[in-house]
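Data first, discussion second: the structure below is written as structure tokens.
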Amino acid sequence: MISLGPLNFLERLRRCPQHGGMKYRFADCDLDTSAHTVTVGGTPVHVEPQVFDVLHVVAEAAGDLVTYDELVDRVWNGRIVSDATIAARISAARAAVGDDGKAQAIIETVTRRGIRWVVAVTHETDHAIETQADFAVPHDVRMTTSSDGAMIAWSALGDGPPLLRAGHWLTHLERDLTSAIWGPWIARLSRDRQLVRYDPRGTGMSARTCPETSIDRAVDDLMAVADAAERDAFDILASSQSAAIAFHFAARFPERVTRIVTIGGFVQGTRVRAPADGNALSDTMELMIRQGWGQPQSGFLRSLGTLFMPNASQDELNGILELQAASADAERAVRIRNTCSYYDETDVLARVSAPVLVAHGLGDSIHPFSQAQLIAAHLSNARILQLETANHLISPREPAFEVLMQAIDQFLN
């Protein structure tokens, strides 16, 4: 057992800036970077991610000039964008907070130079997320053995009803805690419940050498972790390929599963649901992995990352690529991807009796929204949640994250 002491665990969480947010107040508006929300006169206003980022950057400058180059660097990660695109996002940012280009009462344009805030702005640190982790101390990583001898690393955080996160591609029990993506996920999901996590066989902190990788072995691994955590019945959170694993498990062991939440899940792998396109996609992803794995700046690997998170910030993209390389070597990553690409668990769904929340990004390019529709259509007790995002890995920065978390809380409570 590897134990991380309380001070070490909390210190690492609190040093990681993505675990805290900032609330900016100006005029009759509030901008909350943790919840990724904008309210005007107490009423929530929907804004697109880039429009939110424009507001965030300018509010953060608190009256100092934000040059157009700085804006492009922060909002578009330095990519080449047209003047018309920049102007459109600034215009949308003004409209969101009740301003316009003629009045410029909140955001002022400095001709040919940039923009700046022209109203008083106050801010305060939002500790809501980082303090959620206080109850999770101490953090222990433990080992259990699956039915065929594979050694699986697992961990439990928080207190309350159990939520078991089915293993998916790719995680690392320790590094996930300070990940720009998974850190806020873990903190939020372990609030008022016990979140049980594990690294799939051959990845993360699980033993890197292991027997075969298959859906049957993945089901056995989930059972091994549930037994090690001494949980007879529990809710399951399943992302991506682990949705098929969760359904397979629930069909075999219905008495062990209370409810299931899937996020970006699928039951038909890419080579099954549309062989021609799916084979091309899978072959391309395998090439990207073999050519760029372990090289975060590789064009191959960054292209792979943007398939999973087209709207990722630069920090998020760097973090997810580094995390994936730490979780598995290229050969293991390819093997897992190939195994999942042949999944076809559609027939299993008829034997799943547990209530299921099927959440899926409308623009998910890795596993399309049609897979969510297929899943919900074949389940006896399912509700579908459409998320306004193109990301397969949902960023805590985007509005879809808070929509999803609220839906999960309502479904599991």
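The values are calculated or read from the model by the stated rules, or taken from the named source; none is laboratory data. Bear in mind the structure is a predicted one, so any value in this text is a computation, not a measurement. So basically every Cβ, Gly included, is an ideal-geometry build from the backbone, and we count neighbours across all protein chains shown. Note: accessible area is taken over every heavy atom of the protein model, side chains too, but ligands, DNA and RNA are not part of it. Shrake-Rupley method; radii C 1.70, N 1.55, O 1.52, S 1.80 Å.
The table below gives the values:
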{"item": "Selected residue (only one of Ala88, Ala84, Ala59, Ala95 is outside any loop (DSSP other than H, G, I, E, B), surrounded by fewer than 13 Cβ atoms within 10 Å (Cβ to Cβ) and either out of contact with any Pro (no Cβ under 9 Å at 6 or more places or on another chain) or modelled with pLDDT under 85 (or both))", "result": "Ala84"}
{"item": "Qualifying positions in the stretch 106-122 - part of a loop (DSSP other than H, G, I, E, B) and without any contact (Cβ under 8 Å) to a residue 24 or more places away in the chain", "result": "Thr111, Arg112"}
{"item": "Unique residue being in a helix (DSSP H, G or I), of a type in the set (Gly, Ala, Ser) and more than 16 Å from Gln268 (Cα to Cα) when the list is Ala407, Ala377, Ala390", "result": "Ala407"}
{"item": "In the stretch 174-221, residue nearest to Asp159 (Cα to Cα) [restricted to those that are hydroxyl-bearing (Ser, Thr, Tyr) and touching a strand residue (DSSP E or B) at 6+ places or on another chain (Cβ under 7 Å)]", "result": "Ser190"}
{"item": "Looking only at the stretch 146-167, and only at residues there that are open to solvent by less than 10 Å² (accessible area, probe 1.4 Å) and touching a Pro at 6+ places or on another chain (Cβ under 7 Å), the one that is farthest from Ala325 (Cα to Cα)", "result": "Ala150"}
{"item": "Residue list for the stretch 343-369, restricted to those being part of a loop (DSSP other than H, G, I, E, B), surrounded by fewer than 17 Cβ atoms within 10 Å (Cβ to Cβ) and among the aliphatic types (A, V, I, L, M)", "result": "Leu362"}
{"item": "Gly294 being within 22 Å of the chain's Cα centre (by Cα) and open to solvent by less than 20 Å² (accessible area, probe 1.4 Å)", "result": "no"}
{"item": "Selection from the stretch 293-317 of residues that are over 19 Å from Ile366 (Cα atoms) and part of a helix (DSSP H, G or I)", "result": "Gln314, Asp315"}
{"item": "Members of the stretch 106-131 that are in contact with an Asp or Glu (Cβ under 9 Å, 6 or more places away or on another chain) and at pLDDT below 80", "result": "His123, Asp126"}
{"item": "Residue in the stretch 352-365 that is within 23 Å of Ser282 (Cβ to Cβ) and free of Cβ contacts under 8 Å to residues at least 24 places away in the same chain present", "result": "no"}
{"item": "Any chance Asp216 is touching a residue at least 40 places away in the same chain (Cβ under 8 Å) and of a type in the set (Asp, Glu)", "result": "no"}
{"item": "Residue match in the stretch 183-193 (condition: more than 24 Å from Ala233 (Cβ to Cβ) and in contact with a Leu (Cβ under 9 Å, 6 or more places away or on another chain))", "result": "yes"}
{"item": "Every pair of residues 6+ apart whose Cβ atoms lie under 7 Å, when the first sits in the stretch 402-413 and is open to solvent by less than 70 Å² (accessible area, probe 1.4 Å) while the second is of a type in the set (Gly, Ala, Ser) and modelled with pLDDT under 95", "result": "Glu402/Ala35"}
{"item": "The one condition in (1) at pLDDT 95 or above; (2) open to solvent by 30 Å² or more (accessible area, probe 1.4 Å); (3) part of a loop (DSSP other than H, G, I, E, B) that Met143 fails to fulfil", "result": "(3)"}
{"item": "Residue list for the stretch 16-56, filter: within 22 Å of the chain's Cα centre (by Cα), modelled with pLDDT of 90 or more and either farther than 15 Å from Arg94 by Cα or polar (S, T, N, Q) (or both)", "result": "Gln50"}
{"item": "Check on Glu322, at pLDDT below 90, surrounded by fewer than 20 Cβ atoms within 10 Å (Cβ to Cβ) and either under 18 Å from His392 (Cα atoms) or small (Gly, Ala, Ser) (or both)", "result": "yes"}
